[in-house]
Structure formats: C-alpha cells, structure tokens
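J.: There's a structure below that I have some questions on.
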Amino acid sequence: MKEIITSFEKTGFERTAPEGSPLPVLILPAQAEQPLPDPSSEIRKRIDELLLTKGAVLLRGFKMASVEDFEHFAASFGHPLLQYEYGSTPRTALSPTGVYTTTEYPAHQHIPLHNEQAYTRAWAMKAWFGCLIAAQEGGETPIADSRLIYQRVPEAIRKRFEPGILYVRNYSEEFDVPWQKVFNTDSKEKVEAFCRQMSIECEWKPDGDLRTRQLCQAVETHPVTGEKVWFNQAHLFHISNQAPEVRETLEDLLGIENVPRNTYFADGSPIPDEMLDKVRAILDSETIKFPWMFGDVMVLDNMLAAHARTPFKGSRKILVAMAEPYSNLPNFRAEAA
Ligand SMILES: [Fe+2]
C-alpha cells in the first residue's frame, strides 16, 4: 500500500490526459494488475477531490476485467447504484444492482454531448463508465466541462434558456421507447404516481399512448461547488436533432404535437433551430475525445462533466453505473425516483 501511495504522490501517476487537455485527469497504478483503489486508499481520496475540481477522472491500467470488478468499484463510493428509471434510451441491465450497457443506439449514430438525466429534475451526481471491449474504430466517450459550456453560451441565449426547458415526450412502440419500458411498469396508476412525484404532467391519449410534459432546468448550480453549469438536453430532445428527412416524415405523419420528443422554451414557445445550432457548436468546440482501452474506468461528476458517444465499428462493450440521486424538486425523496 505504501508503495502505491509513494508512487502515486512522487512519480506523477496522476497526469493530465490526453496530450495536455485538462480532462480527464489520468490515474495510473504503480504496478500492473493492481486492483482498483479501495475507499481507504489515498488514491481514492484524491479521486473524490478531483471529481469536485476537474469533474472527470480516468483510471487506466488497473485490474478491471468483469462486470463484477466494475460494480464493486462503483458501489464502493458509498452510495447504492441507481436503477435506470424514466430513461430516454434503450439499455440492458447487466446486474441486478445497477450496471448497464451504455445506450444501445446503432453503431453509426453519434450521441451528442449531454449530462445524464438532465432532461428531468432528478439525476445521478456520479456516473462510472468501464471498458470491457474497446471498439475497433471510434466508439469513444468524449467529455466536456459543463461549467465552461455555461460560460461560453452567449448572454442572449442564456436569458432565453434560464427560465427552463419544457420537454414534451410522446411514447410509442412504433416511433420511440414505449412508456412501459421507460417507466418499468405496465400500470398506468404507477406511471401517474411517478409523474406526480416528479412534477411531470401526464396525459393518456385516445389510443392508449402517453404524452408527458415537464418543465426542467436549463442551468443548474452544483450543490457542492456552487458553480453554474449548463444542464439540459434541449439540443438532444428538440426535433432539430433528427435527420432532416426523419423530421419531415415525423411532422407530416404525426403532427408536431405528437412527435416522440421535442423541447420548447419555458413559456411553451418554439426554440429556433439556429439557437440550438449555436449551442451545439459550443458543445462541439469544448469536446475532448480520447480512445478507450480495455480495463479503463472513467468517473464523472455528472453535473460538472458532460459525455457523448462517437460512432464505431466492430463490437464495443462499455459498462455504465450511476449513483447519488439529487434533485431540484422541493419534496424529492431519493427512494421514490
Ligand atoms: Fe449518457
């Protein structure tokens, strides 16, 4: 143990990576096959500090070869791992306690930069990613500092966004994830109870499908550091996130009020495409990309760091876990979310 600490402190195992970019902070073990650091180790204390200052830490070269290794490490941070409820994308549970695959969107699709669950009012403060299979080509999980994004968004856009973003979702088997899967239940009553708890307006349509509306934050204040962060998924849920031909088809076929996902300003007025394009350009320019290696574990403070996924070729297995529920709802109870 002493040797690990000495090496860690004196020989610079903590490095800025990759190639001079500020994120993520790279932590390497003193010896090959060293297990991931346990809660009592100095490295772990340092990880906790770094998460609150930098927002993203990458552990590379430690022994992490299974779902169990990953789960054990993530769970050792002192909070139970969360179930993926009120999700936005398809995933597969790999363990009963909260390890999932990353979003199962087709390999050619790019998933834009986002903070996990920023489309709702309760989210996980920590997110872990673990690499069991790095894609042959691409498949990175790029990251960015959400504080810098907030600071770079022009004042005029911030002013329009700051009252909040209204998320409108229409769930259906045909065009998106069905409500039964999103809410993990077949019971309409349970969906209604969850929506009440989370301040989500829900409406059953004549065909039995569900529409929800929720006014959520666009900008949030980190509960520990007090810093303001850009914390929304307006650019992802907005209809302009669809390919032009898909957008046209959805709008023609369903009508704008029935498209699977869309976002509006807090007052319900439409968000111009150009405004979101400006936000997307800022997100792109702040993105830091680095390749995955087998056994990597990345830990993010989900409010300070956003993440994305690049298209890939070949197989790819990236694990994900989340913990530490937090919410801006006044009467939020973690166990209900
Ligand atoms: Fe994500």
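Rule-based calculations on the coordinates, nothing more; no lab input. Everything numeric here is computed off the predicted structure, so don't read it as measured data. Note that each Cβ is placed from the backbone with ideal geometry, even for glycine, and that neighbours are counted across all protein chains shown.
J.: Would you list which lysines come within 18 Å of Lys205, measuring only between C-alpha atoms, while excluding same-chain residues fewer than 8 positions from it?
T.: Lys181, Lys188, Lys190
J.: About the Cα centre of the stretch 149-282, how large is the charge dipole given +1 on each Lys and Arg Cβ and -1 on each Asp and Glu Cβ? Please answer in debye to the nearest 20.
T.: Roughly 600 debye for the stretch 149-282.
J.: So, one more: Using mean Cβ contacts within 10 Å as the protection proxy, how do 296-302, 131-137 order, highest first?
T.: 296-302, 131-137
J.: Taking Cβ-Cβ under 4.7 Å as the only way to count a partner, pick out the unpartnered cysteines of the chain.
T.: Cys131, Cys216
J.: What translational diffusion coefficient, in µm²/s and rounded to a whole number, does the Stokes-Einstein relation yield for the stretch 92-132 at 20 °C and a viscosity of 1.002 mPa s, taking the hydrodynamic radius as the Kirkwood radius over Cα pairs?
T.: 173
J.: Here's something else I'd like to know. What are the radius of gyration and Dmax of the chain, computed over its Cα atoms and given in Å?
T.: 20.1, 67
J.: What's the local net charge at Thr102, with K and R +1, D and E -1, over the other residues with C-beta under 12 Å away?
T.: +1
J.: If the reach is capped at under 19 angstrom between alpha carbons, list the aspartates and glutamates near Lys317, excluding any in the same chain fewer than eight residues apart.
T.: Glu68, Asp69, Glu71, Glu104, Glu116, Glu137, Glu140, Asp296
J.: Find out how many positive minus negative residues lie around Tyr150, taking Lys and Arg as positive, Asp and Glu as negative, among other residues whose Cβ is under 10 Å from that of Tyr150.
T.: +1
J.: Which order do the peptides 321-328, 32-39 come out in when sorted by mean C-beta neighbours inside 10 angstrom, highest first?
T.: 321-328, 32-39
J.: Could you work out how far helix 244-254 tilts from the main Cα principal axis of the chain, as a 0 to 90 degree angle to the nearest 10?
T.: Approximately 40 degrees, to the nearest 10.
J.: Ok, one more. Any lysines with Cα under 21 Å of the Lys54 Cα? List them, leaving off those in the same chain fewer than 8 positions away.
T.: Lys10, Lys45, Lys126, Lys228, Lys289
J.: Then there's this: What ranking, highest mean first, results for peptides 73-83, 186-196, 164-174 when packing means the other Cβ atoms within 10 Å averaged over each residue?
T.: 164-174, 73-83, 186-196
J.: For the charge dipole of the chain, defined by +1 on Lys and Arg C-beta atoms and -1 on Asp and Glu C-beta atoms about the Cα centroid, which residue among Ser240, Gly208, Val229 has the Cα displaced farthest towards the positive pole?
T.: Final value for the positive-end residue is Val229.
J.: Rounded to two decimal places and with Rh computed the Kirkwood way over Cα pairs, what is Rg over Rh for the stretch 198-337?
T.: 0.98
J.: Also, quick follow-up: For the stretch 292-306, take each phi angle, set θ = phi - 60°, evaluate the Karplus expression 6.51 cos²θ - 1.76 cosθ + 1.60, and give the result in whole Hz per residue in order, putting x for glycine and proline.
T.: After applying 6.51 cos²θ - 1.76 cosθ + 1.60, I find 6, 10, 3, x, 5, 10, 10, 10, 10, 7, 5, 8, 8, 10, 9 Hz.
J.: So, one more: Find how much the distance from Ser41 to Thr225 grows on full extension, using 0.36 nm per residue of separation minus their present alpha carbon separation; answer in nm with one decimal.
T.: Result: 63.9 nm gained on full extension.
J.: In addition: What does the charge add up to near Asp301, with Lys and Arg as +1, Asp and Glu as -1, over the other residues with Cβ less than 13 Å from its Cβ?
T.: That sum, taken over residues with Cβ under 13 Å, equals -4.
J.: Hey, with R₀ at 45 Å, roughly what FRET efficiency would Gln109 and Glu192 work out to, going by the Cβ-Cβ distance, to 0.05?
T.: That pair, Gln109 with Glu192, gives E of 0.90.
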